[in-house]
Structures are given as C-alpha cells and as structure tokens.
Amino acid sequence: MRYITILSLLFVNVLGCAALNQPTFQIEPSQLSSETNPQLVDGNLDTVSTFAVSGRIEKKYRSFYGKGRNRNQAERRYTTQVDGTLRTHAVIKLNEPTYISYIEVYPESRIPKLALTTTLEDPPRFDSSFDVVRDKQHINVEGKRPVRIKINREILYLRLTADGIEDRQNSIRDKKDENKLIQIPLKGAEIREVRFFSR
C-alpha cells in the first residue's frame, strides 16, 4: 500500500512537471489584428506603430485664495493639468479565444506606465468587463530591448495602455498671458511589434 501511494505521488508529480514544461510557440501574425494599430502585429520589426493621443498638458500660474489672520490672502502656484486624457491605448484581437502564456513587446521609444488588460467579450467592453494583467503593471519601459509580460489565460482581445509623452519641442508659450500659460502637446509611445506566445 505504501509503495502504491509513493508511486501515485511520483506519477502526479511527473505529470505536473510535464504540463508546466510544455514548449511554447509563437502565434502567427496572420492570427492577430488591430484596427487602429495594424503595424503592432504585422510580423515586421522594421515597421513602427504609434499610440493615438487625445490630450495635451497645460502649465500655468493660478491664484489660490485662503484666509490669513486679518485678511484674505492669495497665493500663486504653478500648476499642471491635462486637457483631454493623458492615457493612450491600442487594442489587438486574436482570430479566436486562445490561451496566451506571455507576450513580448518590442519598444521603439520610451513607454510610460505600460499596462495591459484582456477580455473574452466580443465586442469588447474594456470600461466595464476586463481582466487586469498583474505582471509588470504600470512599468516604465526604457530602451529598445523586448519586454516579456506573463498573461497565463485565455484571451480574445488585449488592450495596451500607456501615458502620453510630453512633446516639449512643440510646446506653445503665451508670452502675453500673465499666468505664463504653456501648452505642451502629447505624443504617443512607439512600438515595433507585439508577439504572442502560447503552449
């Protein structure tokens, strides 16, 4: 009886290790699509896709009023606010629900606060029904080395989000404005490719 128990445990252990050590394979680019960013999944590392932006940064002096000992006091502070949205996103769809072990992101520029969400819904409702990918959540990607992110679930859609990047070279300064308003457009991060791997 004791030998049977030991053999059973060894058998389960071997099966578990075999399941974990299954080889991964890359999902073919023909099984992936992106309406807004087709270069993300075209299989070509020489093409570049840019996140679409819909916002800008405004920096200016604002007056804040408070009460002092005997009178109202005004304090001027330099503030930064976003007109529109700071977040940008791109969505990738698989041809059918597929178990994805991990993805590799091939950056072309800095990617601030990269985060991933997934869903099996079609069409996707990312605002209400999605699963957050916890691995490397909101990381700042620097340089051009590929970044591997674990997914470990069945997905149909993958959404990548990142903060826009301040385009300071194209900023506009209003010299006549007493608040010294500066408008800084945002530009999207650039990615050469996103590769999917399954097992």
**OP:** Could you tell me which of the residues Leu181, Leu116 is at pLDDT 95 or above and touching an Asp or Glu at 6+ places or on another chain (Cβ under 9 Å)?
**Re:** Leu116
Original post:
Of Phe196, Phe130, which residue is hydrophobic (A, V, I, L, M, F, W, C) and at pLDDT below 90?
Top reply: Phe130
Original post:
In segment 164-192, which residues are assigned to a loop (DSSP other than H, G, I, E, B), within 28 Å of the chain's Cα centre (by Cα) and in contact (Cβ under 8 Å) with a residue 24 or more places away in the chain?
Top reply: Gly164, Gly188, Ala189
**OP:** State yes or no: is Ile57 at pLDDT 85 or above, within 30 Å of Arg173 (Cα to Cα) and aliphatic (A, V, I, L, M)?
**Re:** yes
Subject >> Only one of Tyr157, Tyr106 that is surrounded by 19 or more Cβ atoms within 10 Å (Cβ to Cβ) and either among the hydroxyl-bearing types (Ser, Thr, Tyr) or modelled with pLDDT of 95 or more (or both) >> reply: Tyr157
Subject >> Test: Pro123 is in a strand (DSSP E or B), modelled with pLDDT under 95 and over 17 Å from the mean Cα position of the chain (by Cα) >> reply: no
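The values are calculated or read from the model by the stated rules, or taken from the named source; none is laboratory data. Keep in mind it's a predicted model, so treat the numbers as computed, not measured. Glycine also receives a Cβ, built like all others from the backbone with ideal geometry; neighbour counts cover every protein chain displayed.
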